[in-house]
1. Could you grab me the full set of residues in the range 49-69 that are in contact with a helix residue (DSSP H, G or I) (Cβ under 9 Å, 6 or more places away or on another chain) and either hydrophobic (A, V, I, L, M, F, W, C) or more than 26 Å from T196 (Cα to Cα) (or both)?
2. So E96 ticks every box in (1) buried (at least 18 other Cβ atoms within 10 Å of the Cβ); (2) within 15 Å of Y149 (Cα to Cα) but one. Which box is left unticked?
3. Among the residues of the range 1-30 satisfying the criterion of being exposed (fewer than 12 other Cβ atoms within 10 Å of the Cβ) and assigned to a loop (DSSP other than H, G, I, E, B), which is modelled with the lowest pLDDT?
4. From the set of residues in the range 144-157 that are among the β-branched types (V, I, T) and buried (at least 18 other Cβ atoms within 10 Å of the Cβ), which is farthest from G6 (Cα to Cα)?
5. Any idea which residue in the range 100-121 is nearest to Y42 (Cα to Cα), counting only those that are surrounded by 15 or more Cβ atoms within 10 Å (Cβ to Cβ) and touching a residue at least 24 places away in the same chain (Cβ under 8 Å)?
Amino acid sequence: MGTEEGGAEIWRQATKTLEESLKLRSGYNLGMDFQTVWEELYQIPLESFKGPCVWRYMAAFLLGMDDKPVNKDTVNDFVFYSKLLGSLSSNHFMAELLPLPKRSKNDISDYQTVWRSVEEYHREVIPRRFALIQGTLEENSDIDLVVSYEHILSEKFIKYFGQRGSLLKAWNYRSESYALYEIRLEGGRSIRFLTTPFFGNGRISYDGLLIASEKIKEVI
């Protein structure tokens, strides 16, 4: 999970206008196939994305959890060629805390007729999103791990679940900080919640994610 999308189909690749993208999103199911969204709805081939991106680190972590080799070739194949990331037939799903694409985290200009500030947007939307997240976790017993790669989300997630969360272990790898929590849900079930550095911009490494996957497998 991250905090919000950057709207690449709108402002970077420009295959959709904001209005067109929002219309498509309004018809989304709770879960959508990653390849279908990007290649069929947004008309952007996944292999057209170059350079570092959060998807590569998601793939590295997922490969590590499945005890598969993690390197440039296996990561590229997972995301851009076999296109396994975010597949509806996979053992994982991807999510964002906030639902709307924005130019940047502090820019609400495209939605000023609805919210006067980012803070106002957050006050209205975040509680509803956490209620949706909690309901999804409680209704789907196969979910046993949530990974947050953005510190704002990590802090809000831990605060939202409050006393139902407890720290299991925390560690550093080089300059990277990780923490693993247990979150107790209604009905007596628990999940694990992993916080990591941001998936990109040189803040995380494949090796660090492999170590994280090994520590998680010790407790789930």
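The values are calculated or read from the model by the stated rules, or taken from the named source; none is laboratory data. All values derive from a computational prediction rather than experimental measurement. Quick reminder, even Gly has a Cβ in these numbers, built from the backbone with ideal geometry, and neighbours come from all protein chains shown.
1. Correct list: F49, C53, W55, M58, A59, A60, F61, L62, L63, M65.
2. Of (1) buried (at least 18 other Cβ atoms within 10 Å of the Cβ); (2) within 15 Å of Y149 (Cα to Cα), only one is false for E96: (1).
3. The extreme case among them is L30.
4. Top of the filtered list is V146.
5. My answer is P101.
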